Amino acid sequence: MSEYYIPTGPGESEFTEKRSRFLGHVRMAETEDEARAFIADMKKKYYDARHNCWCYSIRDGAERYSDDGEPQGSAGIPMLEVLRRQGVTNAVCVVTRYFGGVLLGTGGLLRAYTKSTADALQAAGISAVRRWVETELPCTYAQLERMKLEAAEAGGVVEDVEYGAGVTLRVLVPEERSDAFAARIYDLSAGSVKVLVTGESFRAVPIK
């Protein structure tokens, strides 16, 4: 199964532009029904706002968006483009705007809705869903930072570091890169560090 990316958790953002208040909310949604339920909840919660613009992208290919009364193309599409650029799917975003009395123009709205979505997604974090090889790397304190760097270069994620007389890193490595990673570490350390495989798992792991 190929790798894909999802929001790690709930994400929220808030900022004010020329007295208009923008509230961004990002959530994970695995189906269109889940996405639409979240949109409905946000519209109910912020019923007194001028606009509740939204978008979602579901892994089966469904993408939808709404400008909710804003000029066409100034809200929903820019919001969806943020998800597309980050490669994030199974995600829904609602940006609520409380109008402050000053017109922002199409360009200003596009920037505001883009920023609100991007900020909320950053707050949510991004996780990679894929098959990971679970490894341990026993090394010296002097080797620690280089091992971390090599793990990152291989697309791996350091889950834990255990400190004692030496150091043991627990690293998740993408399945297709695990052999090359082990060989690289062995060569780099002149055989003093060996990558020990402890298991495999298919799950979401935070990467951003």
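The values are calculated or read from the model by the stated rules, or taken from the named source; none is laboratory data. The structure presented is a predicted model; accordingly, all values stated were derived computationally and were not measured. All Cβ positions, even for glycine, are placed from backbone atoms using ideal geometry, and neighbour counts span all protein chains on display.
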Might you check whether a residue that is surrounded by fewer than 19 Cβ atoms within 10 Å (Cβ to Cβ), assigned to a strand (DSSP E or B) and in contact (Cβ under 8 Å) with a residue 24 or more places away in the chain occurs anywhere in the range 71-91? no
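Just to confirm my filter: which strands (runs of 3 or more DSSP E) fall fully inside the range 103-208 and include at least 2 residues that are crowded, with 20+ Cβ neighbours inside 10 Å and outside the structural domain of residue 76 (by TED's automatic domain parsing)? Spell out the reasoning first.
Details: elements: 126-139, 157-163, 167-174, 196-206.
Ranges flagged: 126-139, 167-174.
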Does at least one position in the range 176-185 carry a residue that is touching a residue at least 24 places away in the same chain (Cβ under 8 Å), farther than 21 Å from residue 130 by Cα, touching an Asp or Glu at 6+ places or on another chain (Cβ under 8 Å) and among the charged types (D, E, K, R)? yes
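Given the options 133, 129, 171, 161, name the one that is in contact with a Phe, Trp or Tyr (Cβ under 7 Å, 6 or more places away or on another chain) and hydrophobic (A, V, I, L, M, F, W, C).
On the way: 133 fails: in contact with a Phe, Trp or Tyr (Cβ under 7 Å, 6 or more places away or on another chain); 171 fails: in contact with a Phe, Trp or Tyr (Cβ under 7 Å, 6 or more places away or on another chain); 161 fails: in contact with a Phe, Trp or Tyr (Cβ under 7 Å, 6 or more places away or on another chain).
When all the criteria are applied, what remains is 129.
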Condition check for residue 152: closer than 20 Å to residue 204 by Cβ and either touching a helix residue (DSSP H, G or I) at 6+ places or on another chain (Cβ under 9 Å) or not hydroxyl-bearing (Ser, Thr, Tyr) (or both): yes
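Here are some residues: 36, 19, 50, 27. Which one is modelled with pLDDT under 95 and surrounded by 14 or more Cβ atoms within 10 Å (Cβ to Cβ)?
Details: 36 fails: modelled with pLDDT under 95; 19 fails: surrounded by 14 or more Cβ atoms within 10 Å (Cβ to Cβ); 27 fails: modelled with pLDDT under 95.
Unique residue meeting the criteria: 50.
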Which condition number does residue 108 fail, the rest of (1) farther than 30 Å from residue 205 by Cα; (2) at pLDDT 95 or above being met? (2)
Residues to consider are 64, 59; find the one that is part of a loop (DSSP other than H, G, I, E, B) and basic (Lys, Arg). 59
